Each structure stands twice: as C-alpha cells, then as structure tokens.
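Asks: After the structure tokens below, expect a handful of questions from me.
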Amino acid sequence: MKLKQVLFTVAISAFTALSVMWGYSKWVKNNNTYAGQEKGALPSNYKYAGLFDGDTPPPGGALDFTVPAAAATPAVVHIKTKTNAKQVSNSLPKRQPNNPFSDFFDDEMFQQFFGQRNNVIPEQRASGSGVIISDDGYIVTNNHVVENADEINVTLNNKKTYKAKVIGTDPSYDLAVIKVEAAGLPFLVYGNSDDLKIGQWVLAIGYPLNLETTVTAGIISAKSRSLGLNKDKTGNKAGGVESFCKQMRP
C-alpha cells in the first residue's frame, strides 16, 4: 500500500513539474519576441505594396523606390509633443550686505524689485518622426522628441491620431520607445545592420519641419563610425555597443 502511495505521489509530482515547465516555455516564447515580430512574418503594408512578391524589376535596371516607399510610409508616424508651462522660482538672499541702495530703498521695497521673482517657462511644442515596429503599437523614435513631454500625440499616415505613452528611453543613444493603444497597425520589419554595404541605396522617410510624409534617398557612405557616446561622467569609455552608419544624400 505504501509503495502505491509513493508511486502515486511521484507520478503527481512529475506531472506537475512537466506542466510548469511547459507553461513556462510557452510564456517565454510569447514574451521573448519583442514588439510582436515573428521570424518570416510580413506585415500587411509589405504585402499591399507588393514587396517580396516577385515583382518584375524596372526595365534596364532603372532605380525605382516606389515599392519600398509604398511599403514603408504607412509605418512611419508623425509625433507631436506638448510640454506644459512651468513656474521657476529665482530667489535672491533676503538681505543684501553692503547694499549700495540701502539709503534709498527699505528692505521690503528692495525685495519687491530685486528679491524673489517667479519666472514662467512657457508651454513648448515640438514634433518629430517615428517608426511603428509592432502591430500593437510600439514605436521607435528619438529621445529628444519625447523628452520631458507632458503630452504625446501620434498621427499615422492615414491621419488617425492616438495618445502615446513613453515605454523606455536611452538618452545616450538618443533613442526612445513609445506606445499607442491600437491593433492591426502597419509596421516595419527589423533588418540586420551587419548586412549593410557601403554604397547601398537607402530611403529616409519622415515628417521634417511639420510637413507631410517626405521620402528621400541616399547611399551608405560609411560604416562602424564611433561618435564617442559611450563615456561616463569622467570622460572614460563606459563600454557598450557603438557602431553607426552614415547616410549621404545626393
């Protein structure tokens, strides 16, 4: 009888352990794929544009950016931010020793003119561009676009506008991730920067100077450039990855 109880306990323990391991592996699989990008999966904007559908290239090898532009522009967004007005207090010492004007003003009058003053930093508005990297609304942009912003609005290429929140920032690399609450959005698939070659054509898409969607082209003119960003407060190298490409526009 005792042997049966021991075997039953072992069997239950083994089943529980296997169930936990299976559940954990499922959770890891679902959470390790950041921003919902699955290997080999193409977003709808790529398919609608005919990208990677085996389209016949332009005759005579002529350059044509219409297909990649059509695939990418729906995933590039216009970001507008607002920073609320802030009040800053600039206080001088209440008593000014050896005040040359003491014979003309009493302390109260002196403080009124030269003492505590309240300065107001006016409301500030800014704009920039971002790229949707998942169909559920994760967006990569520059940190300086959203830094200290009290309100972030994201407008898609189809004119739909969403409120966004900051997910994470890296001021050293001037990168930020924000998110809008939406589903089924067009997005861009990650590329491998190691595959880039000097001289390759690249597109730059964005909303410069608050204008509408703008597409321009250039070439990769340099790789593995170091900008000296990986330094601590003392100026010493702090480690990390630093390898940038430079685009030259014709």
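Asks: I'd like the full set of residues that are touching a residue at least 40 places away in the same chain (Cβ under 8 Å), in contact with a strand residue (DSSP E or B) (Cβ under 9 Å, 6 or more places away or on another chain) and under 15 Å from His78 (Cβ atoms), limited to segment 140-159.
Replies: Across segment 140-159, the qualifying residues are Thr141, Val145, Val146, Ala149, Glu151, Ile152, Asn153, Val154, Thr155, Leu156, Asn157.
Asks: Is one or more of the residues making up segment 218-225 in a loop (DSSP other than H, G, I, E, B) and either exposed (fewer than 14 other Cβ atoms within 10 Å of the Cβ) or modelled with pLDDT of 90 or more (or both)?
Replies: no
Asks: Moving to a separate point now. When you go through Val146, Val140, Val166 one by one, which is the residue that is over 20 Å from Pro43 (Cα atoms) and out of contact with any helix residue (DSSP H, G or I) (no Cβ under 7 Å at 6 or more places or on another chain)?
Replies: Val146
Asks: Continuing with this model, one more query. Can you pull out the residues in segment 142-159 that are surrounded by 15 or more Cβ atoms within 10 Å (Cβ to Cβ) and among the charged types (D, E, K, R)?
Replies: If the condition is that a residue be surrounded by 15 or more Cβ atoms within 10 Å (Cβ to Cβ) and among the charged types (D, E, K, R), then Glu147 is the only one that fits.
Asks: Please go through segment 121-141 and give me each residue that is crowded, with 18+ Cβ neighbours inside 10 Å and part of a strand (DSSP E or B), ordered by number.
Replies: Gly128, Ser129, Gly130, Ile132, Tyr138, Ile139, Thr141
Asks: Still on this structure: Looking only at segment 174-207, count every residue that is surrounded by 11 or more Cβ atoms within 10 Å (Cβ to Cβ), outside any loop (DSSP other than H, G, I, E, B) and either without any contact (Cβ under 8 Å) to a residue 12 or more places away in the chain or aliphatic (A, V, I, L, M) (or both) and tell me the total.
Replies: Qualifying residue count for the region: 9.
Asks: For residues that are of a type in the set (A, V, I, L, M, F, W, C) and closer than 18 Å to Ala75 by Cβ, scanning just segment 160-173, find the one that is surrounded by the fewest Cβ atoms within 10 Å (Cβ to Cβ).
Replies: Looking at residues that are of a type in the set (A, V, I, L, M, F, W, C) and closer than 18 Å to Ala75 by Cβ, I get Ile167.
The values are calculated or read from the model by the stated rules, or taken from the named source; none is laboratory data. In this text, all values refer to a predicted model and were calculated from it rather than measured experimentally. Every residue, glycine as well, gets a Cβ built from its backbone with ideal geometry; the counts of neighbours run over all protein chains shown.
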